[in-house]
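The values are calculated or read from the model by the stated rules, or taken from the named source; none is laboratory data. Because the structure is predicted, anything quoted here is derived from the model rather than measured. A quick note on method: Cβ atoms are made from the backbone with ideal geometry, for glycine too, and the neighbour counts reach across all protein chains shown. Just the protein is used for accessible areas: all its heavy atoms, side chains included, with ligands, DNA and RNA removed. Shrake-Rupley method; radii C 1.70, N 1.55, O 1.52, S 1.80 Å.
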Amino acid sequence: MLYNTLHNRWLRLVVAVVGELIAALGINLFIVPLGLYSGGTLGVCQLIRTLLQTYLHLDFGRYDIAGVLYFLSNIPILIVAYKVLGRGLAIRTIVCTVSYSLFYSLIPVPATLIVDDYLTACLLGGILTGVGCGIVLTCGCSSGGLDVVGLCLSKRGSAFTVGRFSLTFNAFLY
């Protein structure tokens, strides 16, 4: 079954969207309720969300506006990806980015903590998010954000690889 799934482009896309759901569940159920942040483009969006809540006193209820900000921040990245990386990867990335943004925005953040221990919650959130992102990458898709920027930089002959760019960006973010 897995062999057939990985060789059918439509099934790969469906499985990638399920991976995005798993990643969004990991972040919204375990990481966000503790007041912690993710890395990369989503981490920047979470930081902007917190600044909007703190300084402009905007209340978004139990839903997270960072998903909408994530989608908006990915629009210019996806335009560049379409030009640099080609139509196929860009379209798969657009589908995954839209689904991730929707899942992240629509999955309510629990009012009470599911797990009280920070380390356990971080491990569970990290495992779910890692499994979800791994599924997406295994299916030949991308969640957008820094992965796409890193791919564009490495394709243009920059000294940055995807991993090196992500680590450098996140070091400055934190």
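So the values come out like this:
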| quantity | calculated |
| --- | --- |
| Lone qualifier among ALA111, ALA90 - being in a loop (DSSP other than H, G, I, E, B), out of contact with any Gly (no Cβ under 7 Å at 6 or more places or on another chain) and free of Cβ contacts under 8 Å to residues at least 60 places away in the same chain | ALA111 |
| Failed item, numbered, when GLY43 is tested on (1) over 14 Å from the mean Cα position of the chain (by Cα); (2) under 19 Å from ASN170 (Cβ atoms); (3) assigned to a helix (DSSP H, G or I) | (1) |
| Condition check for GLY26: in a helix (DSSP H, G or I) and of a type outside the set (A, V, I, L, M, F, W, C) | yes |
| Residue in the stretch 147-169 that is assigned to a loop (DSSP other than H, G, I, E, B), out of contact with any helix residue (DSSP H, G or I) (no Cβ under 9 Å at 6 or more places or on another chain) and more than 26 Å from ASP64 (Cβ to Cβ) present | yes |
| Those residues of the stretch 65-78 which are open to solvent by 30 Å² or more (accessible area, probe 1.4 Å) and within 16 Å of VAL17 (Cβ to Cβ), in sequence order | PHE71 |
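Conditions (1) within 20 Å of VAL17 (Cα to Cα); (2) hydrophobic (A, V, I, L, M, F, W, C); (3) surrounded by 19 or more Cβ atoms within 10 Å (Cβ to Cβ), marked per residue:
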residue	(1), (2), (3)
LEU47	no, yes, no
VAL80	no, yes, no
ARG87	yes, no, no
LEU102	yes, yes, no
